[in-house]
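Engineer: Got a structure for you, questions after.
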Amino acid sequence: MAELITKKENGVGWVIFSNPAKFNAVTYDMWVELPKILGAYEADPEVRVIVITGEGEKAFISGADISQFEKNRSSADAQVMYNAATAEAYKAPIRCAKPVIARIRGICIGGGLGLAAACDVRIAAEDAVFRMPAARMGLGYGYSGIQRFVQIMGQANVADIFFSARKFGAADALRMGMVNRVVPVADLDREIAEYCQMVAENAPLTVVSAKFSIRQVGEAPEMRDLDRAQSLVEACFASEDFKEGRTAFIEKRTPNFKGC
């Protein structure tokens with residue numbers, strides 16, 4: 001059964017796309033569920049960082065479940081509803097105040113590539129395979145999605161992967177800026193755990209402030225909320241965590257941040 005599996009451990013909230021029979025292809029219900037899960041993690045003080053990944057060793061996400069297209073995308077009204085669900089799912093990692101990490105192994109195609117682009121950091125195994133096949137299916141790809149890719153990869157690289165619809169490997173993805181890091185398959189889980197631990201140990205208010213300001217850079221000037229960005233910075237300096245950080249630095253110990 002296609003579903004999103006969730007679990008919490010060591011300050012990490014996991015979202016696992018599970019549809020192994022179809023290489024973790026995303027159903028309509030999974031698109032709808034993702035923003036709800038990320039919203040719950042954002043509200044959970046025990047969660048410091050979120051990881052999105054796919055079940056098993058073969059795929060991160062192979063895109064949308066094409067078998068549902070006849071039902072969910074065949075008419076204009078159905079297309080509008082489906083597009084709204086996917087748009088909200090893509091926006092969810094961006095809007096989430098907490099860091100969202102994409103753990104990528106195996107196939108990362110179409111909607112999987114788009115969702116990975118919406119995450120803050122992307123760490124891939126050497127066996128990862130990427131593709132944007134919209135041009136092979138006659139799909140129109142919306143401006144906001146193209147904008148995200150261009151912000152990450154640059155215009156020339158986005159033109160390449162959209163025009164050719166070619167497959168490319170992890171080394172190419174790293175060169176183009178699609179992923180932050182490529183690691184051996186055997187090291188992927190350890191690298192993810194170590195990275196998440198680093199993030200989880202840091203001051204939550206600082207991390208939230210940084211993510212918000214990073215997001216504003218990508219917005220059109222008239223859409224930027226710089227007052228909110230400044231208020232988040234001021235909240236950091238007014239926090240108990242700032243006092244704890246200074247004290248821990250002087251005492252040469254690891255700080256114990258509470259997020260307040």
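No lab work stands behind these numbers, since they all come straight from the coordinates. This one's a predicted model, so the numbers in the text were calculated from it and none came from an experiment. In this analysis, Cβ positions are derived from the backbone assuming ideal geometry, glycine residues included, and neighbour counts consider all displayed protein chains.
Engineer: Between Lys252 and Met137, what is the label-point separation in nm under the 7 Å Cα-to-beta-carbon projection?
Structural biologist: 5.7 nm
Engineer: Just list whichever of Lys36/Lys98; Lys36/Lys91; Lys98/Lys243; Lys7/Lys98 have alpha carbons separated by over 19 Å in the model shown.
Structural biologist: Correct reply: Lys98/Lys243.
Engineer: If you don't mind, another one. Compute from the Cα atoms of the chain the Rg and the Dmax, the latter being the longest Cα-Cα distance, and quote both in angstrom.
Structural biologist: 18.9, 65
Engineer: By how many nm would the segment from Ala87 to Phe237 lengthen if fully extended, with 0.36 nm per residue of separation less the alpha-carbon distance?
Structural biologist: Details: separation 150, 0.36 × 150 = 54.00 nm, distance 3.51 nm.
Using 0.36 nm per residue and subtracting the Cα-Cα distance, I get 50.5 nm.
Engineer: What dipole magnitude, in Debye to the nearest 20, does segment 203-251 give about its Cα centre under +1 on Lys/Arg Cβ and -1 on Asp/Glu Cβ?
Structural biologist: The dipole of segment 203-251 has a size of about 120 debye.
Engineer: If you take the charge dipole of the chain about its Cα centre, with +1 on Lys and Arg Cβ and -1 on Asp and Glu Cβ, which of Ala25, Tyr90, Ile161 is farthest toward its positive end?
Structural biologist: Of the candidates, Ile161 comes out farthest on the positive side.
Engineer: Continuing with this model, one more query. Mind checking which of Val182, Val217, Val150 has the largest fluctuation in a GNM of the chain, springs on alpha carbons under 10 Å?
Structural biologist: Answer for the Gaussian network model of the chain: Val217.
Engineer: What angle do you read, to the nearest 10 degrees and between 0 and 90, between the alpha-carbon axis of helix 204-218 and the longest principal axis of the chain?
Structural biologist: Its long axis makes an angle of about 50 degrees.
Engineer: Compute the acute angle (0 to 90°) between the alpha-carbon long axis of helix 155-164 and the principal axis of greatest extent of the alpha-carbon atoms of the chain; round to the nearest 10°.
Structural biologist: That works out to roughly 30 degrees.
Engineer: Please determine, in degrees from 0 to 90 and to the nearest 10, the orientation of helix 28-43 with respect to the longest principal axis defined by the Cα atoms of the chain, where the helix direction is its Cα long axis.
Structural biologist: It works out to around 0 degrees.
Engineer: Also, I was wondering about something else. Averaging sequence separations of C-alpha pairs under 8 Å and six or more residues apart, then dividing by the length of the chain, give the relative contact order as a whole percent.
Structural biologist: 15 percent
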